[in-house]
Amino acid sequence: MLETLATTWLSLPDYARSTVWIVVITVVLIICVALLTLWERKVIGWMQLRRGPNRVRLFGLLPGMGQPFADVLKLLMKEVVIPTNSNKFLFRLAPIIALVPAFAAWAVIPLSPTVVVSKADAGLLYLLSLTSMGVYGVIIAGWAANSKYAFLGAMRSAAQMLAYEIAMGFALVGVLMATGSMNLGTIVRTQEGGLLSWNWSWLFPLLMVYFISGIAETNRAPFDVAEGESEIVAGFHVEYSGIAFALFFLAEYANMILISTLTAVFFFGGWQGPLQGYPGLGDTFLGQPSFLWLFLKVFCLLFLFLWFRATFPRYRYDQIMRLGWKALIPVTLVWIGVEMLLAVYRIGPWSRPWFQ
Amino acid sequence: MLIEALFYVFGAILIAAALAVISARNPVYSALALVMCFITSAAIWLLIEAEFLAVVLVLVYVGAVMVLFLFVVMMLDVNLAELRQGFTRFAWLGWLTALAVILEIVGVVWARGGLGIDAGRGATPTAPTYSNTLELGRVLYTRYAYPFELAAMLLLVAIVAAIALTMRRRPGLKKQDVSRQVAVRRADRLRIVKMDAEKRS
């Protein structure tokens, strides 16, 4: 049974296999977003000595497991209110524009040694261009709603994303220098050799910059001025209700997962096992590359997102701009200079054979 | 066959979007149509396997330049009636420019045909191992290294000039000094006044 399945799978043409993977990734991602919202509420609840959602059960499983699904059902049932003086076409279009880049980016991400939808050579650039397109959903939503609060939120978000995108891009230039490729599969493969040969060790400042910019780019706390409740109600999606609001929510959480995955791929060796190449334990599953490792890394990084939200107070707007332009970008520039020296003297990742 | 069909689809979208840029009544729609133009031209570039250029077009123009455009257009309260006034008066200039561009394109196609390159046939497919990005990088950093660096310097000069032009120091301008903000102590801001309790009347 399994063997016939495997042979039919392998005999399928490329586009059919890609399509199947796209469907699988999309569905799994949406379920992950649902579970992530629950996990967030639980984790923040525990941090604040509460229980978090614990009423809705799913098939009698853990208490609270059904909460995200109940929420989705509720949002689906609600009316989507379209403000009278809004720009109706763009108002409807905005949530979709916000959602598309968050999902399209998964096309080039290597999930395991064999599974990747597209082995694009300019994968890194593709990712950069898609993450930079996420801002359109926010701007268009803010403008189309024809509301002051929404517009203020959109303006804040646009300025913030533009600023942090640059830091993000520079951090990725560092990754590019260390791995010598823009193909994400190759980037993961060059980090082969266990915990210490992953990029994080030699590119630690860039890792910090990348992750911080990632949090800013997804408009998460403490950088969530775009939807700062205490100042501008809910920011850019203040006029959205029902499932239109849920789509923004979905995009935000999908982006969180995306940024965590990218951090894992660029700095923590993607699907590489942590003890690869170590004597003894390296021969067990601890050294084997598999999807499990990517999943674990992404899970830990996502936890950081939630942890930060529960810990830090919101940044003031001018402080955000200052951090982006005057702290993160100089750090990346300095570290790129350091990398140049390392590359010239063949230290660290540059001592690997493929740089000779 | 599929590639050609896709080319015509994207070409049609591109032309429609380009027309929308100049004919839309709302400047925000114009800016969004321009975004559409960039994305479809990137798609057309992808069809001729110029993936680096295509992705960079989206990255630079859609991801950065047009966001700023949109930013400005949304903030401005543009008076449409006033904007439309000179539309027909300068139409001849527009037609002239369009004619010049068409002549140039025809000239290029014709000249390339003369060189023995069949411009109507589309790009020759490259080997799967061929990396557009790698090749471009190789050429840019070896053969064209000096022009490339020169272009970078020009951009730097432009940035410095733009900042120098827009940075004004008005007298009496209030600015935040973050190091002073951080260094502030309680004694600088807070004064505790001892007061006798009020007598109940």
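None of the figures in this text is laboratory data; all of them are computed from the coordinates on show. All of these numbers come straight from a predicted model, not from anything done at the bench. Using ideal geometry, Cβ is built from the backbone for each residue, glycine included, and neighbour counts are taken over all protein chains shown.
Find the relative contact order for the range A:94-204 and round it to a whole percent, using C-alpha pairs within less than 8 Å whose residues are 6+ positions apart.
Relative contact order here is 27 percent.
Among A:VAL173, B:VAL160, which comes first, then next, by fewest other beta-carbon atoms within 10 Å?
Listed from fewest to most nearby Cβ atoms, that is B:VAL160, A:VAL173.
Compute the Cα gyration tensor for the protein assembly as shown, then decide on rounded, prolate or oblate, letting a ≥ b ≥ c be the square roots of its eigenvalues: rounded whenever a/c is under 1.5, prolate when a/b is larger than b/c in the other cases, and oblate in all that remain.
rounded
So how much slack lies between B:ALA161 and B:LEU6, counting 0.36 nm per residue of separation and subtracting their Cα-Cα distance, in nm?
Between B:ALA161 and B:LEU6, full extension yields 51.5 nm more.
I'd like the distance between the alpha-carbon centres of the range A:283-309 and the range A:208-244, rounded to an integer number of Å.
First find each Cα centre; the distance between them is then 25 Å.
Using +1 at the C-beta of Lys and Arg and -1 at the C-beta of Asp and Glu, which of A:THR311, A:LEU90, A:GLY174 has the Cα lying farthest in the positive direction of the dipole of the protein assembly as shown?
A:THR311
Can you pull the one-decimal nm distance between simple spin-label points at B:LYS174 and B:MET75, each 7 Å off the Cα toward Cβ?
2.0
Could you calculate the FRET efficiency of A:SER118 with B:ILE192 from 1/(1 + (r/R0)^6), where r is the beta carbon distance between them and R0 is 45 Å, rounded to 0.05?
The value I calculate is 0.10.
How would you rank A:TYR136, B:TYR130, going from fewest to most other Cβ atoms within 10 Å of each one's own Cβ?
B:TYR130, A:TYR136
Got the relative contact order for chain A handy, in percent, Cα pairs under 8 Å and 6 or more residues apart?
With pairs under 8 Å counted, the relative contact order is 20 percent.
Can you give the FRET efficiency to the nearest 0.05 for A:VAL28 and A:SER351, using r as the Cβ-Cβ distance and R₀ = 51 Å?
Given R0 = 51 Å and the Cβ-Cβ separation, E is 0.85.
Could you work out how far helix A:329-344 tilts from the main Cα principal axis of chain A, as a 0 to 90 degree angle to the nearest 10?
10
Classify the range A:94-187 from the C-alpha gyration tensor, please: rounded if a/c falls under 1.5, else prolate or oblate depending on whether a/b exceeds b/c.
Oblate is the answer for the range A:94-187, as a/c is 1.5 or above yet b/c matches or exceeds a/b.
Counting only other chains, and only Cβ atoms inside 10 Å, what mean value do you get across the residues of B:47-57?
Mean number of neighbouring Cβ atoms from other chains: 3.
Which order, highest average first, do A:159-168, A:111-120, A:3-12 follow once you tally other Cβ atoms within 10 Å for each residue and take the mean per peptide?
A:159-168, A:111-120, A:3-12
When the chain is fully extended, how far beyond the present Cα-Cα distance does A:ALA310 get from A:ALA104, taking 0.36 nm per residue of separation?
So the extension gain works out to 71.2 nm.
Suppose each label sits 7 Å from its Cα in the direction of the beta carbon; what would the A:ARG322-A:LEU5 distance come out to in nanometres?
Simple spin-label model gives 5.8 nm for this pair.
Please arrange B:ARG169, A:ARG309, B:ARG180 by how many other C-beta atoms lie within 10 Å of their C-beta, fewest to most.
Result, fewest neighbours first: B:ARG169, B:ARG180, A:ARG309.
Nearest 0.05, what FRET efficiency do A:LEU292 and B:THR97 give at R0 = 51 Å with Cβ-Cβ as r?
0.30
About the Cα centre, and with charges only on the beta carbon of Lys, Arg (+1) and Asp, Glu (-1), how big is the dipole of the protein assembly as shown? Nearest 20 debye, please.
2260
Can you classify the range B:1-75 as rounded, prolate or oblate using the Cα gyration tensor, where a ≥ b ≥ c are the square roots of its eigenvalues, rounded means a/c under 1.5, and otherwise it's prolate if a/b beats b/c and oblate if not?
The shape class here is oblate.
Roughly how many debye, to the nearest 20, is the charge dipole of the range A:1-92 about its Cα centre, given +1 on each Lys and Arg Cβ, -1 on each Asp and Glu Cβ, and no other charges?
580
For the ranges A:38-48, B:47-57, what's the packing order if you count other beta-carbon atoms within 10 Å of each residue, average per peptide, and put the highest first?
With the highest mean Cβ count within 10 Å placed first, the list reads B:47-57, A:38-48.
Once you average over the residues of B:62-69, how many Cβ atoms of partner chains fall within 10 Å of each Cβ?
Mean shielding count: 5.
Run the dipole for the range A:194-286 about the Cα centre, Lys and Arg Cβ at +1, Asp and Glu Cβ at -1, nothing else charged, and hand back the magnitude in debye, nearest 20.
Dipole magnitude for the range A:194-286 comes out near 400 debye.
Between their Cα atoms, which of A:LYS88/B:LYS175; A:LYS119/A:LYS297; A:LYS148/B:LYS175; A:LYS78/A:LYS297; A:LYS88/A:LYS297; A:LYS42/A:LYS74 are more than 30 Å away from each other?
As for pairs spanning more than 30 Å Cα to Cα, those are A:LYS88/B:LYS175; A:LYS78/A:LYS297; A:LYS88/A:LYS297.
Helix-derived [θ] at 222 nm for chain B: sum -39500 (n - 2.57) over DSSP H runs of at least 4, divide by residue count, nearest 500?
-20500 deg cm²/dmol
Can you pull the mean other chain C-beta count within 10 Å for peptide B:131-144?
2
Could you work out the relative contact order of the range B:1-71, using alpha carbon pairs under 8 angstrom and six or more residues apart, expressed as a whole percent?
Dividing the mean separation by the residue count of the range B:1-71 yields 29 percent.
Any idea which of B:TRP95, B:VAL182, B:ALA111 is furthest toward the positive side of the dipole for chain B, if Lys and Arg beta-carbons carry +1 and Asp and Glu beta-carbons -1?
So the residue we want is B:VAL182.
Enumerate the amide H contacts of A:ARG57 below 5 Å, restricted to partners 5 or more residues apart or on another chain; note that Pro and chain-start residues carry no placed amide H.
Here A:GLY64, A:GLY66 satisfy the definition.
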